[in-house]
Amino acid sequence: MDGLYLFEGFFLITEVKNFKNKILLNEANQLIQLQEEGSEEVFDNPLTQVELQKEQLIQLLDKHGYPTIPIETLVVFTHKKVHLTFNHPDLITSQQLPARLKRITQKYPTKLLQRNELYHLGRKLISLHEERGSAFINPNDKIFPKIKRGVFCNRCKPMIMRRIYGSWECPKCKKRNSLAHLAALEDFYYLFGHTITNRQARWFLCMDSVYTPSRLLQSLGMKRSGITKNARYDLSSLFKR
Ligand SMILES: [Zn+2]
């Protein structure tokens, strides 16, 4: 499972594939990747895998007393040079994702869970599925077009605060808050898991500077693994379940 997204009316399980070249589906429902030199490689259909994960999630939700929530599955091919030779609603390129997500969202107009319930469920699922922290590797608006990023002003939400002279300032009410990034990092924690890199922080907090996110993360005294560009910070020390 590369990603699990909790929406108010449905959940979405995604699997990201970085295959390039021509991809075929054969009659045995296997995925065939044609190599440039003409050879081919055979893979299990990734949809089979996400369907299995869907079944496991249904059982898990049931076991913990959650209502029945529709679960959609998508396999997203992200390589620029992938050539899908089939038309399948659940096996798509990242260019097709925004339109596909829109259609799925329209399919489930009924809100089954409130936002705070989704947070609680997210918390629970993270605690039941520790390795999820490593799933979110490449922040990208094409993959996550629905996510509202940025450091919000408490008063003017969803107005995004700007980083000015070591603090955050709301362009509308001019209120300043030097710790406003904590709430955004908490959102990140529940959405994507318990570790964050500089690059992810820069993306999620909508910061222009390359250096400020890393200074910001370092200043919070989190456990860190890896160095420089690859450093991952452990948010769970800040946001205990
Ligand atoms: Zn404001």
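Among the residues making up the range 29-69, those that are over 28 Å from ASN87 (Cβ atoms), in contact with a helix residue (DSSP H, G or I) (Cβ under 9 Å, 6 or more places away or on another chain) and in a helix (DSSP H, G or I) are LEU60, LEU61. Within the range 201-227, the set of residues being more than 18 Å from LEU238 (Cα to Cα), loosely packed, with under 14 Cβ neighbours inside 10 Å and either polar (S, T, N, Q) or at pLDDT 90 or above (or both) comprises SER209 only.
The C-beta contact set for the range 91-104 (first residue more than 14 Å from HIS79 (Cβ to Cβ), second residue open to solvent by 10 Å² or more (accessible area, probe 1.4 Å), distance under 6 angstrom, 6+ apart or interchain) comprises PRO98/PRO145; ILE104/GLU72. Among the residues of the range 150-172, not one is touching a Gly at 6+ places or on another chain (Cβ under 6 Å) and near the ligand (Cβ under 9 Å from one of its atoms). Is there a residue in the range 128-145 that is modelled with pLDDT of 90 or more and open to solvent by 100 Å² or more (accessible area, probe 1.4 Å)? For the range 128-145, residues modelled with pLDDT of 90 or more and open to solvent by 100 Å² or more (accessible area, probe 1.4 Å): absent. Considering every residue within the range 173-181, establish whether at least one is within 15 Å of the ligand (Cβ to nearest atom) and assigned to a strand (DSSP E or B). For the range 173-181, residues within 15 Å of the ligand (Cβ to nearest atom) and assigned to a strand (DSSP E or B): present.
May I ask you to verify whether PRO109 is more than 23 Å from LEU4 (Cβ to Cβ), at pLDDT 85 or above and either within 16 Å of the ligand (Cβ to nearest atom) or not assigned by TED's automatic domain parsing to the domain that holds ASN230 (or both)? Criteria not met by PRO109.
The residue list SER219, SER209 contains one member that is more than 16 Å from the ligand (Cβ to nearest atom) and within 24 Å of the chain's Cα centre (by Cα), which is SER209. What about VAL76, is it open to solvent by less than 20 Å² (accessible area, probe 1.4 Å), modelled with pLDDT of 90 or more and within 30 Å of THR110 (Cα to Cα)? So VAL76 passes the test.
The values are calculated or read from the model by the stated rules, or taken from the named source; none is laboratory data. Here the structure is a predicted model, which means the values were calculated and not measured. Reconstructed Cβ throughout: ideal geometry from the backbone, glycine too, with neighbour counts over all protein chains shown. Only protein heavy atoms, including side chains, enter the accessible area calculation; ligands, DNA and RNA are left aside. Shrake-Rupley method; radii C 1.70, N 1.55, O 1.52, S 1.80 Å.
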